[in-house]
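Student: Structure below; questions to follow.
The values are calculated or read from the model by the stated rules, or taken from the named source; none is laboratory data. These numbers were taken from a predicted model, which means no experiment stands behind them. Note: ideal-geometry Cβ built from the backbone for every residue, glycine included; neighbour counts use all protein chains shown. Remember, those area values only see protein heavy atoms, side chains included, never the ligands or the DNA or RNA. Shrake-Rupley method; radii C 1.70, N 1.55, O 1.52, S 1.80 Å.
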Amino acid sequence: MCLEIGNKVAVLDDVLKGIVTHVMGDEVSIETSDGMVFKFNSSELVRIGVEQHELSKFSDINNALLKDKIAQNKPKTSLFKKEKKEIILEVDLHISKLTKSTRNMDNYDMLNLQLDTAKSKVEFAISKRIPKIVFIHGVGEGVLRSELQRLLNKYPVKFYDASYKKYGLGATEVYVFQNAN
């Protein structure tokens with residue numbers, strides 16, 4: 001390293017820093033802020049461009065200058081990114097969403113309508129290569145949920161409870177395995 005008179009330097013194995021006052025071959029004299037003069041080999045010194053107190057501004061995470069610097073360099077994007085534009089088919093199996101009126105329908109008819117809807121949506125997702133379906137079935141007594149799971153066992157899918165945060169307790173998420181052929 002080529003040091004010149006006037007360069008700010010720090011000593012590698014010590015807490016000293018100062019300004020180069022004299023250079024004679026590999027021997028360099030530095031003067032500290034206290035006025036003390038020390039001689040070192042040039043290999044023991046490193047030139048510094050920024051004072052340590054300037055650098056320490058950026059090591060304190062609560063420092064306003066650091067926050068400004070981060071805000072300038074950070075792109076304005078969400079911290080929560082989806083991997084891709086993932087297509088999720090949401091199907092609400094509540095009977096009120098499937099038919100205008102339940103007049104002249106007993107529980108068996110309503111359950112069959114809900115299961116037929118689920119079956120057609122699973123087959124649609126398989127044919128259109130849609131990777132995920134969320135069936136919103138509600139909590140109730142669990143009859144629709146258990147019948148839905150029995151239906152899903154007949155297809156090349158994996159199913160599990162959907163996101164509680166998004167759907168609550170009454171939803172099942174289905175992952176449709178896509179055939180490579």
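Student: List every residue pair whose Cβ atoms lie under 7 Å apart, where the two residues are 6 or more positions apart in sequence or sit on different chains, the first residue falls within segment 144-160 and is closer than 14 Å to G170 by Cβ and free of Cβ contacts under 8 Å to residues at least 24 places away in the same chain, and the second residue, located anywhere, is part of a strand (DSSP E or B) and open to solvent by 50 Å² or more (accessible area, probe 1.4 Å).
Tutor: Pairs that qualify, where the first residue is closer than 14 Å to G170 by Cβ and free of Cβ contacts under 8 Å to residues at least 24 places away in the same chain and the partner is part of a strand (DSSP E or B) and open to solvent by 50 Å² or more (accessible area, probe 1.4 Å), are Q149/F159.
Student: Where the second residue is acidic (D, E) and not in a helix (DSSP H, G or I) and the first is under 17 Å from H137 (Cα atoms) and lies in segment 96-111, which pairs have Cβ atoms under 6 Å and are six or more apart or on separate chains?
Tutor: That search, which allows pairs on different chains as well, returns nothing.
Student: A follow-up question, please. Please go through segment 133-153 and pick out each residue that is in contact with a Gly (Cβ under 7 Å, 6 or more places away or on another chain) and open to solvent by 40 Å² or more (accessible area, probe 1.4 Å).
Tutor: V139
Student: Another one. Quick check on this structure: which one of I126, I130, I95 is farther than 15 Å from T172 by Cα, in contact with a Phe, Trp or Tyr (Cβ under 9 Å, 6 or more places away or on another chain) and open to solvent by less than 50 Å² (accessible area, probe 1.4 Å)?
Tutor: One residue alone meets the criteria, I130.
Table: residues versus (1) open to solvent by less than 50 Å² (accessible area, probe 1.4 Å); (2) closer than 30 Å to Y167 by Cβ; (3) at pLDDT 70 or above.
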{"site": "I5", "(1), (2), (3)": "no, no, yes"}
{"site": "S33", "(1), (2), (3)": "no, no, yes"}
{"site": "M36", "(1), (2), (3)": "no, no, yes"}
{"site": "S59", "(1), (2), (3)": "no, no, no"}
{"site": "E83", "(1), (2), (3)": "no, yes, no"}
{"site": "V91", "(1), (2), (3)": "yes, yes, yes"}
{"site": "T102", "(1), (2), (3)": "no, yes, yes"}
{"site": "L113", "(1), (2), (3)": "no, yes, yes"}
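Student: So S29 ticks every box in (1) modelled with pLDDT under 90; (2) open to solvent by less than 90 Å² (accessible area, probe 1.4 Å) but one. Which box is left unticked?
Tutor: Exception for S29: condition (1).
Student: Would you please name the residue that is nearest to the chain's Cα centre (by Cα), looking only at residues in segment 140-181 that are within 21 Å of L111 (Cβ to Cβ) and among the polar types (S, T, N, Q)?
Tutor: That would be T172.
Student: Going through segment 167-181 one residue at a time, which ones are crowded, with 16+ Cβ neighbours inside 10 Å and not in a strand (DSSP E or B)?
Tutor: Correct list: Y167, G170.
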